[in-house]
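Okay, structure first, notes after.
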Amino acid sequence: MYGKGILKGLGVTLKHFIDTYVDDIRMGKSRYGTEKGIAYRSSKDARGIFTVQYPEEKLPTPEEFRFIPFLVYDEGEDGEREIRCTSCGICAKVCPPQCIWIHRSKDPETGRPVPEPAEFFIDVDVCMNCGLCAEFCPFDAIIMDHDYELAVYDRHANNIYDKEKLLKPAEYYKDIRPRNYALQEAARAEKAAKKSAAKARRGKA
Amino acid sequence: MADTTLIAENDILARFPEGVSQDERKGYQGYIVAADRLVEFATALRDEFGYDYLSSVTGVDYLPEGKMEVVYHAYKSTGGGALVFKVQVPREDAVVPSLVGVYKGADFQEREAWDLLGIRFEGHPNLKRILMWEGFAGHPLRKDWKEAYFEEEKKPFDSRWPGGDVYRAEDKNPFGKNVVYPEKFDPEKWTPVGEEGFYGGLRGFDAGDGDEDLKTEQVVVNLGPQHPSTHGVFRMVVSLEGETVVRLEPVMGYLHRNHEKIGERNTYLMNIPFTDRLDYLASMSNNWGYVQAVEKLLGDKAKVPERAEYLRVIMAEFTRIVNHVFAIGTLLNDLGAFFTPMLYALEERELILDIFEAVAGSRMMCNYFRFGGVARDLPPGVYEKMRDLVFERLPRKIDELDRYLTENEIVRARCEGVGVLTPEEAIAYSAAGPVLRASGVPYDVRRADPYGIYDRFDFDVAVRYHGDVYDRYLVRLDEIRQSIRILQQALDDLPEGEIISGKPKYSIRVPAGEAYGRVEGPKGELGFYIVSDGSANPWRYHVRAPSFINLTALGKMCEGDKVADAIIILGSIDIVLGETDR
């Protein structure tokens, strides 16, 4: 019969249409605006309409999600900020669009380089969010962020991030990337244990 | 032509005792052909040796030696490895005979080499700039050409560390002061005047068809560059006789950023995220093509562990599904079925992108492959998610898409018999991917010249025989099903183990030589040609972009069809402008 294909196709649309309402009735209020509802709409069982109503609803960001890097600092015992970065420059060297600028500190007396950045800039207009800086940082000092809502009115005034703007506490890192944080902490602890063991051996000898 | 009548490749030097020699530079392969024997050589290659498919044409500027080299990669359409041949000419007077008469697919690629490298192809019917505009000075891929915001020859730049005091390139080097125009070119006075200026490419048109009684006139219409049907900034200049297309010429380059020049400034690793930006719907395949070429140069140093091989296949096949459902969705948009089919297609794409985001960190700019492996192992929970999709949801949903569209009478009436490309034409025009296979040529790089671990999987090469828009749609649908088959096998067999060989290094040196890596991307054969001089940056980095080369046949496909069909023919080729314009 001519037109059978179209009718079959319309059947598919009709099913999608009905599915939305069936789900609405079945899930009630929990279909929209709740974590459960969002998880359902982005699962394999999702049927009917699957739109997530941004900005009222937001998709959860997976741990590996990467957006604009930030610098990590640990909090010292007296509340002082201990910046992990040693200004070794690997991130600046590996950066594909070359958006990282580091000014290394120098000891004012001897003039020798100090392992700490005097200045650290990221031009976020240029950054391509590739994550290579974080991937190759040997000190877990630069980490990719999860915050993607960065719109500003004036890019010239706002979009070169300096050290102050880039620094975030290790707690925040732990919060957004718990699994990576735990793995790296374990690796660091192991390294430190090895180091102190070697020191102890040398002390004995 | 039956295979038995063909001459074996070993006999090339015997067949051409003069003018052809083996390329004996270390790390290089193939033959060097004298410029005056090139056409004869290529004709023999096509007719006598069976290398009927010219995949890639590009140039290399060997500045220190003062030479310009044109590199050709030819294949047999029945499968097998490449035959590489080269022509060397002096850099200052680079003239090479055109091969458009032998392989029509050389058309756009030769124009690109003229535009970017300044190699003149004698006998080319329409040798003019293709990616740049007429007011552009110089040929940007030449090694002595410097861009407007030039900072330093190679990355990493010294200004970034240890004394990195930030500035913006455009503040230090304001645009306008750093722009150069060709001699005798005044941008203030220059306007493309009249028909000739706007439609120079259509010079061949001839108004009226000799019918004295009925005077008709051809009309030239610009479709694009700002037009929703062109999938980006892309222009088709169409000569119309009534509603029928007499000639069509694609105009491109609006999104050109000289990806290849950027790639030659970058270190090897830096190029991986840049390849994401080529065909931004299929970044995983782009990554693979590039790392494959570099791995060929690295040799055993970059042996890919078993688990990484499987992960690569899984990601590449997911990418193919993402790309094809998107292509089908946009094709239906072009047909006028606004956004309902598109959104059904996007739903599946969204679920796959969720997986990419969880594994690679980004939905589209995946940056997932590394030399000798992949960047990250699967986080917990993702494997199960993949299985759910591949074994449960996708087969069901693809059947639904099939039921929804395939037998629709309007789709069939609009698509069947439209934009036909015969198998001979498809091969001659170097068409690749679904366009080639819909024309009845069962050529798939995964089978014809296997890479990775594709030889382990059981799948069919999707092929259809009418060569029209409808068959290109069907081939994509078939390929999605085959991809699901491959995914099911790969997920079942996925072994445990390492995901990258050796310790990841941020700066690698690659042995000197050349390599051509190609993968079957969703849009067709995606190739990367890399020349290394042994340093940390590639000397030459070329992308054989299927979206770009498939457009060579667009004019041919549209001839004689209605103007409304030109839109869906373009849609059926499935281009992405990020890759076309590079």
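Bear in mind that the values in this text are calculations on the coordinates, not laboratory data. Predicted model only: the values in this text are computed from it and were never measured. Note that we place each Cβ from the backbone using ideal geometry, even for glycine, and neighbour counts take in every protein chain shown.
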According to the square roots a ≥ b ≥ c of the eigenvalues of the Cα gyration tensor, what is the shape class of segment A:140-205, taking rounded for a/c under 1.5, prolate for a/b larger than b/c otherwise, and oblate for the remainder?
prolate
With the dipole of the protein assembly as shown worked out from charges on the C-beta (+1 for Lys and Arg, -1 for Asp and Glu) around the Cα centre, which of A:Ala182, B:Gly433, B:Phe318 lies farthest toward the positive end?
A:Ala182
Can you give me the pair-distance distribution of the protein assembly as shown, C-alpha pairs, 20 Å bins, whole percents?
14, 46, 33, 7, 0, 0
Cα-centred dipole magnitude for the protein assembly as shown, charges only on beta-carbon of K, R (+1) and D, E (-1), debye, nearest 20
2580
Partner chain Cβ atoms within 10 Å, averaged over the residues of B:153-159 - can you pull that number for me?
3
For each of B:Ser229, A:Ser30, count neighbouring Cβ atoms within 10 Å of the residue's Cβ, then give the residues from fewest to most.
A:Ser30, B:Ser229
Decide, for segment A:1-58, between rounded, prolate and oblate: order the square roots of the alpha carbon gyration tensor eigenvalues as a ≥ b ≥ c, take rounded if a/c falls under 1.5, and otherwise choose prolate if a/b is larger than b/c, else oblate.
prolate
Counting every C-alpha pair in segment B:412-457, the percent lying more than 12 Å apart is 65
Over all distinct alpha-carbon pairs, what is the Kirkwood Rh of segment B:1-151 in angstrom?
16.3
Shielding of B:382-394 by other chains, given as the mean Cβ count within 10 Å, works out to 1
With Rg and the Kirkwood Rh both taken from Cα atoms, where does Rg over Rh land for segment A:67-201?
1.00
Ellipsoid semi-axes in whole angstrom, largest first, where each is sqrt(5λ) of the Cα gyration tensor of segment A:1-141:
54, 20, 10
What's the FRET efficiency of A:Thr20 with B:Asp388 using the Cβ-Cβ distance as r and R₀ = 35 Å, to the nearest 0.05?
0.95
Checking the table B:Lys303/B:Lys503; B:Lys67/B:Lys143; A:Lys8/B:Lys562 against a 19 Å threshold on Cα-Cα, which pairs fail?
A:Lys8/B:Lys562
Helix-derived mean residue ellipticity, 222 nm - over chain B, DSSP H n ≥ 4, -39500 (n - 2.57), to 500:
-10500 deg cm²/dmol
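Using Cβ contacts closer than 10 Å as the measure, can you line up B:Met252, B:Met364 from fewest to most? Don't skip to the answer; put the middle values down first.
Details: B:Met252 25, B:Met364 16.
Fewest-to-most Cβ neighbours within 10 Å comes out as B:Met364, B:Met252.
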Cα shape, segment B:419-536, gyration tensor, a/c 1.5 rule
oblate
Based only on other Cβ atoms within 10 Å, what is the fewest-to-most ordering of B:Val461, B:Val475, B:Val237?
B:Val461, B:Val237, B:Val475
At R0 = 30 Å the Cβ-Cβ FRET efficiency linking B:Asn178 and B:Arg129, nearest 0.05, sits at 0.90
Projecting the Cα atoms of A:Tyr161, A:Val126, A:Gly89 onto the charge dipole of segment A:85-205, where Lys and Arg contribute +1 and Asp and Glu -1 at Cβ, the residue farthest towards the positive end is A:Gly89
Per 10 angstrom bin, beginning at 0 and ending with the bin that holds the maximum distance, the Cα pairs of segment B:253-298 fall in percents of 26, 56, 17, 1
Just grab the label-to-label distance for A:Glu77 and B:Thr244, each label 7 Å out from Cα along the Cβ direction, in nm (one decimal).
9.2
Evaluate the Debye formula for chain B with equal point scatterers sitting on the alpha carbons, no solvent, and hand back log10 of I(q)/I(0) at q = 0.09, 0.13 Å⁻¹, in q order, two decimals.
-0.72, -1.52
Spacing of the two label points (7 Å from each Cα toward its C-beta) at B:Asp492 and A:Ser105, in nm:
6.0
Quotient of Cα Rg and 2.2 N^0.38 Å for segment B:259-581, N being how many residues it contains:
0.98
Check: C-alpha center segment A:128-162 vs C-alpha center segment A:73-93, spacing in Å is 16
Return the distance in nm (one decimal) between the two label points of a simple spin-label model at B:Ala137 and B:Asp533, each offset 7 Å from Cα along Cα→Cβ.
2.4
Give the aspartates and glutamates whose C-alpha is closer than 14 Å to that of A:Lys165, dropping any in the same chain fewer than 8 places away, or say none.
A:Glu119, A:Asp123, A:Asp145, A:Asp147
Taking the alpha-carbon distance from A:Lys163 and a cut-off under 24 Å, which lysines remain once sequence neighbours fewer than 8 residues away in the same chain are dropped?
A:Lys93, A:Lys106, A:Lys174, B:Lys155, B:Lys172
